[in-house]
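The values are calculated or read from the model by the stated rules, or taken from the named source; none is laboratory data. Everything quoted here is computed from the prediction, not taken from an experiment. We place every Cβ from the backbone using ideal geometry, glycine too, and count neighbours over all the protein chains shown. To get the accessible areas, we keep the full protein, side chains included, count just its heavy atoms, and leave off ligands, DNA and RNA. Shrake-Rupley method; radii C 1.70, N 1.55, O 1.52, S 1.80 Å.
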There are 2 protein chains.
Amino acid sequence: MNIQRSEEQVIQVNESFARKAETLMPELFYQDIEPYRIVEAVEDPSAIHGWSMKDAGSAEELSGIVLGKGDSVILDFGDHRVGTIRFDVSPVGSPPDAPLYMKVIFAEMPVETAVPFSEYEGWISRSWLQEEHLHVDILPASVEMERRYSFRYVKLEVLDTSVKYKVSFTKAIVRTVTSADTSAAKPLQHSDPELVALDRVAMKTLEDCMQEVFEDGPKRDRRLWLGDLRLQALTNYYSFGSNDLVKRCLYLFAAYPNDKGMVSANLFIKPKVIPDDTYLFDYSLFFLSTLHDYYEATGDRNTLKELWPTAYRQVELALESVDERGVVQDLNSWWSFIDWHSELNKQAPSQGILIYALKQAERLASELETGQSQELAERIHQLEEAAIEQLWDEKQQYFVSGEQRQVSWASQVWMVLAGVLEPERSSELLNRMLDEKPGILPNTPYMMHHLIEALILAGNTERAVLEMKRYWGGMLGHGADTFWELYNPEDLSFSPYGSHLINSYCHAWSCTPTYLIRKYGL
Amino acid sequence: MNIQRSEEQVIQVNESFARKAETLMPELFYQDIEPYRIVEAVEDPSAIHGWSMKDAGSAEELSGIVLGKGDSVILDFGDHRVGTIRFDVSPVGSPPDAPLYMKVIFAEMPVETAVPFSEYEGWISRSWLQEEHLHVDILPASVEMERRYSFRYVKLEVLDTSVKYKVSFTKAIVRTVTSADTSAAKPLQHSDPELVALDRVAMKTLEDCMQEVFEDGPKRDRRLWLGDLRLQALTNYYSFGSNDLVKRCLYLFAAYPNDKGMVSANLFIKPKVIPDDTYLFDYSLFFLSTLHDYYEATGDRNTLKELWPTAYRQVELALESVDERGVVQDLNSWWSFIDWHSELNKQAPSQGILIYALKQAERLASELETGQSQELAERIHQLEEAAIEQLWDEKQQYFVSGEQRQVSWASQVWMVLAGVLEPERSSELLNRMLDEKPGILPNTPYMMHHLIEALILAGNTERAVLEMKRYWGGMLGHGADTFWELYNPEDLSFSPYGSHLINSYCHAWSCTPTYLIRKYGL
């Protein structure tokens, strides 16, 4: 065992697991895509973020467009793309007596081509805003941009040429990249075109996030997060079937626990695997959950056996946080994720997630005959009782969370998913919640996924489909090519980062309609 | 013969000359240079452009400097450098959860690190301003920047990292490039330290402009201009002795004349040789002048013979512009260069240059026994008589130029260099001019060179040295590491481009102190 120390972390590297993850490196598939048309961003109060794209010509017209200082052209590549770009640029006029200075902006959404990034004042790094400044010294030139971008639109903007020449662009080609084998996934056959559309866009979302690992979002953070991985893996079993990629990601997390054996909330993959120094209560438990789902989908007993100790260790560590009443201790820090909401108290939903994970642990322990089943069953019982006794508010008829006894949808949803209540009571609770809309609402497709699955498991399939269509269909209505990281129908500009410019509009955790529709035969 | 046509030009390519130029491609010499120290730009009303550099630490301290969003550090590479740069950058803090976004500014002068380039509003392309925006996705990284820059200072500015990490820089190395063989040039041995300093900086200026061709300036335009080539070649004979590089440049110009046989004022070298569509009366004649000087320095009779027809053709074309009075016709267009001055009339100085070039032509014709000497001698006589009769103003006792009978130093200087007056009258004229300071003064080291040489040829060596020390020494006084494109002691912010930010501070045409000191034994 190799120990890595930094100021904040001690990492116990399991070299054997790390090597196994390395051997599971997926094949990447590339495809060259030409622009579909030329567009223009126009102010449009009815469009999301106030901007929409207007047709401005066919792609063939590009070569005839001559651009001088301050001019720009926006290429529409027809759908969301993840990959690199190349283009040719030629001088028009006298021989170029100065370099070409230009900017290239990659946009998932029209607004990104319209609002200058210099206006960005969000709190996460503006380095995620997809723009490049280029000098081209020798013209004509074939420009190959090295970095990978996530976009549908590419804006080519001439910052300066010289008074003696202008430029024109040709042969703009995007080379997309994914590790998803799209030939392995069949389009949904369904009489409801809305569900067909949701399935198609959800699957495209997953495809664009499948790279050397399951990334959370190809625009941002391009990283392997446990919360996203769990949902991607579930959707993957019903689409691309890249089960080895799930296995690779599980081994990656298991290879780099900290000195307590806790897996990190996320991993950096390059230049070498580094576990982030963020550890989250719920995400660590989702290691077990992802292993559980992987075993259910594949029956791969070897992997289950090998990774069980890591998975079980997450349970042990989570149980250390349980107080004498049998309730997960609340903390002031960012200790559990649940949802992107600054006001959300994490205690009750974390209690739900702990029970949910323990039940999966019990099944796996029983499968492996580890002798831990009995003890696990007892802990589940204690935690469920405590949930009802300590966290159920008789007066409000909702689960409450934290010292302030906060009502949130997250608390109800996770208690239902954990099976704390009888199905009938679960169903009644969720329906009432949807009608009364109390407390803290969901902010993300991630939380919404859990609401939809809770509705289904509580037997409210019809309402589940309705809510799914309302929410994910709402994004489609706003022109989504892939599903977004963040979507609050009541606040379209919502961003936990201070600016919707930096939001990710192709985000793994929103890919689950494919899973929900196909698994539950919606 | 290969004919190239564009809208404005028809080029008659002499393939044999082009191939010969290709075979004369010089060897390039590279040298790795470490930073000399860390500096800080401080406002300083006594410094040129209002900024000077303050010592801010030794180069060894760089690795200990931690930079977050908005922070920057300026490296001083100790002298003017032309080349590429590489550096290592490492994260400090948590694992980098976002790319590093940074800007790199290359500065010949302190002001370039201090005044944002966004404030540039000059009329030539801002693409010459030496700045790059970089995203570094994977950290730590070794960054190798591809483009060649011209600078002494490098400012590394962090535009953003993330709240979780900062960066530090190490191993910043400049790889300089030149085709000058510095081992071939000896430092000046002279009792006057001022002249030693002028010679050293002049030679450094030439060195940094010597690349695959004699460039005008490595910051801008990085191009082969005939006006610069002539002065670089002269200085080269007294320093690096890269005579084949002069030969290469002569063949390049001769290979791409237009359909009239006129050589272009300058050539673009990459991606292939393209003659600019700028043709200048004086610069075309300087082809002959450069050939004359080359032959005088090398005795290379083969090259002289081969290029003589091209050289003589420039004389024929120039003579077509002479009116019935025997005076070069004035034009409203940018037809002759002479100096960077928007008010300067070009007629009289061009008359001087024509006579100057004809005298060199006569010498070469006589050397080659072409039978043209007699005719040339007659034309010289006519032009000299016309210069006196038409352009000498008896009342003002100065040569005048154009319809407005403008007095300029350029006119006096070129008439003297052309030998239109007896040496004694020349001497009297220049001394009076320097005392009275009439009309249009020189704006560039290029024009100043001609003034100094005119003084020497008129026998005023003492005044020549004085003026040279005042002018080039003035640049040294302002901290010049290399001599500048533009320097007007009365107007330190002078720029013909609308901003001194875009001026070139290592410019070939200012390298002649080495030539003047060494040729004339000053």
| Looking at the range B:186-211, which of its residues are assigned to a loop (DSSP other than H, G, I, E, B) and at pLDDT 95 or above? | B:188, B:189, B:190, B:191, B:192, B:211
| message | Let me spell it out: the conditions are (1) within 14 Å of chain B (Cβ to nearest Cβ); (2) of a type in the set (A, V, I, L, M); (3) out of contact with any helix residue (DSSP H, G or I) (no Cβ under 9 Å at 6 or more places or on another chain), and residue A:174 meets all of them except one. Which number is the exception? | response | (1)
| request: For residues that are surrounded by fewer than 20 Cβ atoms within 10 Å (Cβ to Cβ), within 10 Å of chain B (Cβ to nearest Cβ) and over 23 Å from residue A:175 (Cα atoms), tally how many sit in the range A:112-138. | output: 5
| said: So, in the range B:99-109, exactly how many residues are open to solvent by less than 10 Å² (accessible area, probe 1.4 Å) and facing chain A (nearest Cβ under 10 Å)? | reply: 4
| said: I'd like to check something: does the range B:176-191 contain any residue that is among the acidic types (Asp, Glu) and under 17 Å from residue B:24 (Cα atoms)? | reply: yes
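Rundown of residues vs (1) among the aromatic types (Phe, Trp, Tyr); (2) surrounded by fewer than 18 Cβ atoms within 10 Å (Cβ to Cβ); (3) within 26 Å of residue A:379 (Cβ to Cβ); (4) touching a strand residue (DSSP E or B) at 6+ places or on another chain (Cβ under 6 Å), yes/no style:
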{"residue": "A:251", "(1), (2), (3), (4)": "yes, no, no, no"}
{"residue": "A:254", "(1), (2), (3), (4)": "no, no, yes, no"}
{"residue": "A:270", "(1), (2), (3), (4)": "no, yes, no, no"}
{"residue": "A:277", "(1), (2), (3), (4)": "no, no, no, no"}
{"residue": "A:281", "(1), (2), (3), (4)": "yes, no, yes, no"}
{"residue": "A:289", "(1), (2), (3), (4)": "no, no, yes, no"}
| task | State whether the residues of the range B:42-61 include one that is crowded, with 18+ Cβ neighbours inside 10 Å, more than 14 Å from every other protein chain (Cβ to nearest Cβ) and of a type in the set (S, T, N, Q). | result | yes
| request: Taking only the range B:291-323 into account, find how many residues are surrounded by fewer than 16 Cβ atoms within 10 Å (Cβ to Cβ) and under 20 Å from residue B:356 (Cα atoms). | output: 6
| message | I'd like to verify a number: residues in the range B:212-238 that are within 14 Å of chain A (Cβ to nearest Cβ), open to solvent by 10 Å² or more (accessible area, probe 1.4 Å) and either in contact with a Leu (Cβ under 9 Å, 6 or more places away or on another chain) or not basic (Lys, Arg) (or both), how many? | response | 5
| query | Since residue A:25 meets every condition but one in (1) open to solvent by less than 40 Å² (accessible area, probe 1.4 Å); (2) not polar (S, T, N, Q); (3) not assigned by TED's automatic domain parsing to the domain that holds residue A:135, which condition does it not meet? | reply | (1)
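Considering only the range A:84-112, state which residues are assigned to a strand (DSSP E or B), of a type in the set (S, T, N, Q) and within 21 Å of residue A:166 (Cβ to Cβ).
Within the range A:84-112, just A:90 meets the criteria.
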| Does the range A:144-167 contain any residue that is in a loop (DSSP other than H, G, I, E, B), closer than 19 Å to residue A:483 by Cβ and either more than 9 Å from chain B (Cβ to nearest Cβ) or open to solvent by less than 10 Å² (accessible area, probe 1.4 Å) (or both)? | no
| query | residue A:138 fails exactly one of the following numbered conditions: (1) touching a residue at least 40 places away in the same chain (Cβ under 8 Å); (2) in a loop (DSSP other than H, G, I, E, B). What is the number of that condition? | reply | (1)
| Do the conditions hold for residue A:351, that is, is it open to solvent by less than 20 Å² (accessible area, probe 1.4 Å) and more than 24 Å from residue A:250 (Cα to Cα)? | no
| remark: By residue number, the members of the range A:445-477 that are closer than 15 Å to residue A:418 by Cα and surrounded by fewer than 23 Cβ atoms within 10 Å (Cβ to Cβ) are A:453, A:456, A:457, A:459
| note | residue A:173: passes all of (1) closer than 30 Å to residue A:58 by Cβ; (2) open to solvent by 10 Å² or more (accessible area, probe 1.4 Å); (3) not assigned by TED's automatic domain parsing to the domain that holds residue A:144 but (3)
| request: Select, from A:92, A:82, the only residue that is open to solvent by 40 Å² or more (accessible area, probe 1.4 Å) and among the aliphatic types (A, V, I, L, M). | output: A:92
| said: Six or more apart or on different chains, Cβ atoms under 8 Å: show the pairs whose first residue is in the range A:71-97 and within 14 Å of chain B (Cβ to nearest Cβ) and whose second is of a type in the set (Val, Ile, Thr) and part of a loop (DSSP other than H, G, I, E, B). | reply: A:91/A:161; A:92/A:66; A:96/A:161
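One line per residue, one yes/no per condition, for (1) small (Gly, Ala, Ser); (2) in contact with a helix residue (DSSP H, G or I) (Cβ under 7 Å, 6 or more places away or on another chain); (3) open to solvent by less than 20 Å² (accessible area, probe 1.4 Å):
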position: A:355; (1), (2), (3): no, yes, yes
position: A:358; (1), (2), (3): no, yes, yes
position: A:371; (1), (2), (3): yes, no, no
position: A:374; (1), (2), (3): no, no, no
position: A:377; (1), (2), (3): yes, yes, no
position: A:380; (1), (2), (3): no, yes, yes
position: A:388; (1), (2), (3): no, no, no
position: A:396; (1), (2), (3): no, no, no
| Which listed residue, of A:78, A:50, A:70, is out of contact with any Pro (no Cβ under 8 Å at 6 or more places or on another chain) and under 30 Å from residue A:144 (Cβ atoms) | A:70
